[in-house]
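Let me begin by presenting the structure, written as structure tokens, before commenting on it.
Every read-out reported here was derived from the displayed coordinates using simple, explicitly stated rules and does not represent laboratory data. Just so it is clear, the model here is predicted, and its values are computed rather than measured. FYI the Cβ positions are ideal-geometry reconstructions off the backbone, even for glycines, and counts take in every protein chain you see.
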Amino acid sequence: MLSRLFAPKVKASAHCDLPCGVYDPAQARIEAESVKAVQEKMAANDDAHFQARATVIKEQRAELAKHHVSVLWSDYFKPPHFEKYPELHQLVNDTLKALSAAKASKDPATGQKALDYIAQIDKIFWETKKA
């Protein structure tokens, strides 16, 4: 009797743990853009001290981009998204690998590849927001 009295009257569900406004692939994109920009600056400057500082910044920004992509994958995207977009798991994995490659490289092409993957995640993300 008590269990019926205290049982919820309305069952609520949501596809994310917080209001959806807190998730946005733009955070990953901004960090990845920084990675590519640093790579371009590194290509134009041979100073050893500059290279060392730039490497630290590039690696930090790549890690932040990886963090933002991982948060989208683990906290925002839910089973219905993965059912509708079966390529999403592989896309996130490829994006994280591309960001790791950019982290380890001075070549701006690696930064661009990461940005291209993030753009694909962004497209899917905004499609899910329409639903």
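Using the 2.2 N^0.38 Å rule of thumb for compact globular proteins, work out how the stretch 13-131 stacks up: its C-alpha Rg over that value, please.
Details: Rg = 15.5 Å, N = 119, 2.2 N^0.38 = 13.5 Å.
Cα Rg divided by the expected 2.2 N^0.38 Å: 1.15.
Along Cα→Cβ, 7 Å out, is where each label goes; now give me the distance between the ones at LYS84 and ALA48 in nm to one decimal.
My value for the distance between the label points is 5.5 nm.
Identify all lysines with a Cα-Cα distance to LYS84 below 27 Å; exclude those on the same chain that are fewer than 8 residues away in sequence.
In chain and number order, the partners are LYS11, LYS66, LYS97, LYS113, LYS123, LYS129, LYS130.
Per 10 Å bin from zero, what fraction in whole % of the C-alpha pairs of the stretch 51-97 is there, up to the bin with the longest pair?
In whole percents, the pair-distance histogram is 25, 42, 20, 10, 2.
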